[in-house]
1. Among B:ALA173, B:ALA362, B:ALA222, which one shows the highest mean-square fluctuation when chain B is modelled as a Gaussian network with alpha-carbon springs under 10 Å?
2. How large is the helix-only mean residue ellipticity at 222 nm for chain A, computed as the sum of -39500 (n - 2.57) over DSSP H runs with n ≥ 4, divided by its residue count, in deg cm²/dmol to the nearest 500?
3. Chains A and B: how much accessible area gets covered up at their contact, both sides added, probe 1.4 Å, in Å² to the nearest hundred?
4. Based on the alpha-carbon gyration tensor of the range B:285-396, what equivalent-ellipsoid semi-axes (square roots of 5 times the eigenvalues) come out, in whole Å, largest first?
5. For the range B:2-186, what does the alpha-carbon gyration tensor say about shape, rounded, prolate or oblate, given a ≥ b ≥ c as the root eigenvalues, a/c under 1.5 as rounded, and a/b over b/c as prolate?
6. Kindly report the accessible area of the range B:2-186 per residue (heavy atoms of protein chains, probe 1.4 Å, no ligands, DNA or RNA), in Å².
7. Let me have the relative contact order for the range B:206-395, percent, based on Cα pairs under 8 Å that are six or more residues apart.
8. In angstroms, what radius of gyration and Dmax does the protein assembly as shown have, counting Cα atoms only?
Amino acid sequence: MKRREFLVHLISEVSSFLLQGNPRKMVVSLHQEADGIHLAVLDDRPRSDAEIAEIEHSLNTARRPELAGYYGQMAGQDLLGSARLNLVGWQIKHADVLKTPEGGVMLNLWIGGEGFEFDKFNLSKGTQE
Amino acid sequence: MLMAILSNGMVPAVTGFWQLQISPARLISDFTLMANPGAALLNVSMVGILGLLVLRLNRIQLSGPSLAAVFTMMGFAFFGKTLLNCIPIIIGVSISALIVRKKPREYVLIALFGTSLGPIVSFIAFELGFPPGIALPLSFIIGIIAGIVLPPLAIAMLHLHQGYNLYNVGLTAGFIGLFAASIPNAGGVDISTFATWNTGRNIWLFLLIPIVAVLALALSIALGAKKSLKEFLSIQKMSGRLPSDFTEMAGKGGALANAGLLTLLYWFFMLIIGAPFNGPVLGGLLTILGFSLFGKNILNNVPIALGILFAVILFGKSISTPWIVLAFLFGTALSPVAGEFGFSAGLLAGFLHLVLVERTGAWHAGINLYNNGFSAGLVATLIVSVIEWYKTNIEQ
């Protein structure tokens, strides 16, 4: 899949998930570099620690190429019903979920090839500080 | 494999197995009758080994979806899939992956489920009457071409019903089957459907499902009875929409308990309605076993079964008619509709499925083994389209 279409689908699925919680505010931020991409999506809806742990678990599931190549194509397209973060989780390098000062959450997604090291991505340090 | 030998002895099983490889395989070809139960069981074992080998070669771990694919392959090896007719499809899907510079493992599930189009290969090789020197290579080439077009269509079909038909490749293969059956028909070839349906009894065929289901339950208990029960209960709350890997979303113990219980329930249901434990019925039960790890649970199945039952009663059909028995078993492909949209939607889905599935087999002349998946896909598309239209258009 081309990068642009791939990103549109990921943004759509993650946005759909956050909009399910009916937030008052949602921000999508994208930073692209040659070997990797950082996508951050944040809202202002308060979530419990258990909910955050569940989100983090869904986004950091083991890589499943057999599912990503087939069912992963549903990400961001087939939005009737509950949003499914695992469709996104199979296709990204790493994700973390942080509480924002406003009480909502910030989903940080790092996307890149086999050699991409998300912790060396220059934006990641700035984001987590 | 042991059951195959115990059932009829080594020599009849092997000779029957060979006979099945060179037989027509369109719906409904009950291999337990066309050869013998031992030969059918041997074919089931060999096709299962092929599925596991393909997963191994692609370095794919055993999980809900991969086991669902292998059990479905094994189930349909009782009535249509053979080693010979599966291989070209798998090769074709792998070529399709390479065409778009993906690794074949990304399409491995499509390859395994896609063997539902195996009868295309057998049809060209053994039904059209071409000399073997032409028929065999031609059947392989057509099988490979069918495999190549499967992934793009499977992905497109997934968007139609948005994951609410568990047998997505059934809808895809039915779509391809419409074209595949129309071409020889246009050329004047008789491609009418037929049905072989074994009504005889065989103790090994009778015991196969209870043995496998009890093994699944025992394994579930061995993984920790209390933990498995908790996982099993959490599975009952899930919609089952594709892709719901219960082994990952809940846990292996709960998923195995779900598989064992649901399959046993359907086995008893078959016993109550007097269905014979022949190839197609065992195929249906093995498919339920596989998809109980990947979308089907007890709660999302009930409305579908009741919807089918309601249609049977309303239209005065006989419950033990082969295609109705199969509708009960395979109509469970629609269970995510009940799981996501509730009891009434599930009831309607089951009802519509029974109304439609009687006709769809003739459309593709039995070339697509997942005829119920084809019908379920059309029903799911209808229901999902209406619900989506309503939800996205209603003024708040």
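1. B:ALA222
2. Calculated from helices alone, the mean residue ellipticity at 222 nm is -10000 deg cm²/dmol.
3. In total, chains A and B hide about 2300 Å² from solvent.
4. 23, 16, 15
5. oblate
6. In whole numbers, the range B:2-186 has 36 Å² accessible per residue.
7. Working: 287 pairs, mean separation 38.8, N = 190.
Averaging sequence separation for qualifying contacts and normalising by length gives 20 percent for the range B:206-395.
8. For the protein assembly as shown, the Cα radius of gyration and maximum Cα-Cα distance read 23.5, 76 Å.
The values are calculated or read from the model by the stated rules, or taken from the named source; none is laboratory data. Model, not experiment: these values are computed from the prediction. Reconstructed Cβ throughout: ideal geometry from the backbone, glycine too, with neighbour counts over all protein chains shown. Surface accessibility is based on the protein's heavy atoms, side chains included, excluding ligands, DNA and RNA. Shrake-Rupley method; radii C 1.70, N 1.55, O 1.52, S 1.80 Å.
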